[in-house]
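Trainee: Here it is, the structure, as structure tokens.
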Amino acid sequence: MQLLDGKLLSENIKAELAAEVDQIKLKGGKIPHLAAVLIGDNPASQVYVNSKIKSCEQIGFTSTMVRRSGDVSEEEVLEIVANLNNDPDVDGFIVQLPLPKHIDEEKIMLAIDYRKDVDGFHPVNFGRMAQGMPAFLPATPFGILEMLRRYNIETSGKHCVVLGRSNIVGTPISILLSRKGYPGDCTVTLTHSRTQDLPAEVRRADIVVAAIGIPQFVKGDWVKEGAVVIDVGINRIPDASRKSGSRLVGDVDFDSVAPRCSHITPVPGGVGLMTVTALLMNTLKACRKEIY
Ligand code: NAD
């Protein structure tokens, strides 16, 4: 069994991006600029946004954080989005989800200029992705593709079973892996909460992508010998042996699944770090106007 090391890969990619920034500086070009909007005090959102900003600093990108308290009005958030859309120095930006209940996430997402949508959530980018046109790919699926590519994992003709049909992970990764080319050309089964006999579906998979948000849900006896397992889940569970009283686990029961796999992503240290790195890759593409 080989670990798909998201930490190592993301360090390598970040070093490549930092080298690109050095080249841009030498030529007097524009430094990529990522902005992040953080509303309220959700602890997980704070961790995610801080790690995005810190990664920008590490590689020499410009970054801006726009922060508002949880009682901010929807109008003000729309105004922030409009300002970022119109700011010529900002190449790309994200609005960290979830937003407080009184703010309509769909309305905010639709207000983002798709040419700056480096999270790849806007329907224009989603539609273009689905049709195989150049688009900002959603950051988590883009990170997974990059991981498969850099570990030279064969995907052509493989049977991939995706667990979870969210708009940000399950549905887009199922589209991307079934597209023509590499990584792709898989036969994909997209499963969800209404799927009958999920273990039987997973047993047929050469590649499993788990994105459901239930801790340690996928068990060892569901997984075919030699399968590749991509664990997207990030779940916090109680752990009295830790000083914090808790720890992070994925959607896969690592201890029983890992011995059966050819490759598996750890949690933490797998897909999560690749997601941040993919966002940086999208920001460079935005700055270079590679897509639009
Ligand atoms: P979500 O919470 O929006 O949706 C969950 C999906 O799982 C739904 O499609 C549902 O049908 C399916 N599901 C729920 N119960 C099921 C069951 N018993 N059997 C089969 N399917 C079931 O999903 P999401 O936003 O994609 O998040 C999933 C997990 O991935 C969460 O743990 C989240 O924290 C994590 N996540 C991680 C990253 C990352 O960067 N690593 C990014 C996004 C989400």
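The values are calculated or read from the model by the stated rules, or taken from the named source; none is laboratory data. Everything quoted here is computed from the prediction, not taken from an experiment. Because the Cβ atoms are built from the backbone with ideal geometry, glycine has one as well, and the counts that use them run over all protein chains shown.
Trainee: In segment 100-163, which helices (runs of 4 or more DSSP H) lie fully inside it and hold 1 or more residues that are at pLDDT 95 or above and more than 30 Å from ARG203 (Cα to Cα)?
Mentor: Of the helices (runs of 4 or more DSSP H) lying wholly inside segment 100-163, those with at least 1 residues that are at pLDDT 95 or above and more than 30 Å from ARG203 (Cα to Cα) span 105-111, 123-130.
Trainee: Taking interchain pairs and intrachain pairs at least six residues apart, which have beta carbon atoms under 6 angstrom, with the first residue in segment 73-86 and modelled with pLDDT of 95 or more and the second assigned to a helix (DSSP H, G or I) and among the small types (Gly, Ala, Ser)?
Mentor: Short answer, once both residue conditions are applied: LEU78/ALA111; VAL81/ALA111.
Trainee: Can GLY181 be described as assigned by TED's automatic domain parsing to the domain that holds GLY233, on the phi > 0 side of the Ramachandran plot and within 20 Å of the chain's Cα centre (by Cα)?
Mentor: No, not satisfied.
Trainee: Taking the residues in segment 164-188 that are outside any loop (DSSP other than H, G, I, E, B) and in contact with a helix residue (DSSP H, G or I) (Cβ under 6 Å, 6 or more places away or on another chain) as candidates, determine which candidate is nearest to GLN216 (Cα to Cα).
Mentor: ILE173
Trainee: Still on this structure, please answer the following. Among the residues of segment 160-186, what is the count of those that are more than 10 Å from the ligand (Cβ to nearest atom) and surrounded by 15 or more Cβ atoms within 10 Å (Cβ to Cβ)?
Mentor: 12
Trainee: Being under 22 Å from LEU137 (Cβ atoms), within 15 Å of the ligand (Cβ to nearest atom), in the same structural domain as GLY143 (by TED's automatic domain parsing) and buried (at least 19 other Cβ atoms within 10 Å of the Cβ): is that true of VAL202 here?
Mentor: No; evaluated as a whole, the condition is false for this residue.
Trainee: Under 9 Å by Cβ, and 6 or more places apart or on different chains, what pairs join a residue from segment 130-141 that is polar (S, T, N, Q) with one that is part of a loop (DSSP other than H, G, I, E, B) and away from the ligand (no atom under 16 Å from the Cβ)?
Mentor: none
Trainee: Looking at segment 57-71, is at least one residue aromatic (Phe, Trp, Tyr) and either touching a Leu at 6+ places or on another chain (Cβ under 8 Å) or at pLDDT below 95 (or both)?
Mentor: Yes - at least one qualifying residue is present in segment 57-71.
Trainee: If you don't mind, there's one more thing I want to ask. From the residues in segment 252-281 that are assigned to a helix (DSSP H, G or I) and of a type in the set (Gly, Ala, Ser), which one is farthest from the chain's Cα centre (by Cα)?
Mentor: Of everything passing the filter in segment 252-281, SER256 is farthest from the chain's Cα centre (by Cα).
Trainee: Go through segment 8-64 and count every residue that is part of a helix (DSSP H, G or I), farther than 22 Å from MET109 by Cα, in contact with a strand residue (DSSP E or B) (Cβ under 7 Å, 6 or more places away or on another chain) and in contact (Cβ under 8 Å) with a residue 12 or more places away in the chain.
Mentor: The qualifying residues number 1.
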